[in-house]
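Reading through the structure tokens given below for one structure.
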């Protein structure tokens, strides 16, 4: 009798986890950015999307535009932007090949995550 109850409880928990995991992936996602000059600045909220796929497509577009961009340095030199796509939800556009020139980071986070950290009251 007790063994039967444990089997029922285990099956129920597995069913809930199987249904909840895909649902969590379909929550709203938010695109954030921060400028690296060359040190990282504060995260800035950009746009919210209905799911991770839509946010990743927005990064795809930014990557495409960033690869075409030409940046002009203070000395007047023209440099081509370089894209570093570390994950589907993470993009870093560098202003040239030298890390010291800086760049901009774009990242998608679930709407439950605020990359700026906890707010102090």
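Every number in this text was worked out from the coordinates using simple rules, so none of it is lab data. Bear in mind that the values here come from a model prediction, so they are computed numbers and not experimental data. Counting neighbours? That spans all protein chains shown, and the Cβs are built from the backbone with ideal geometry, glycine included.
Multiplying the residue separation of residue 69 and residue 35 by 0.36 nm and subtracting their alpha-carbon distance yields 10.6 nm.
Is the shape of the range 27-110 best called rounded, prolate or oblate, per the rule: a/c under 1.5 gives rounded, else a/b larger than b/c gives prolate, else oblate, with a ≥ b ≥ c the square roots of the Cα gyration tensor eigenvalues? In terms of gyration-tensor shape, prolate. Each label was represented as a point 7 Å from its Cα along the Cα-to-Cβ direction; for residue 43 and residue 26 these points are 2.5 nm apart.
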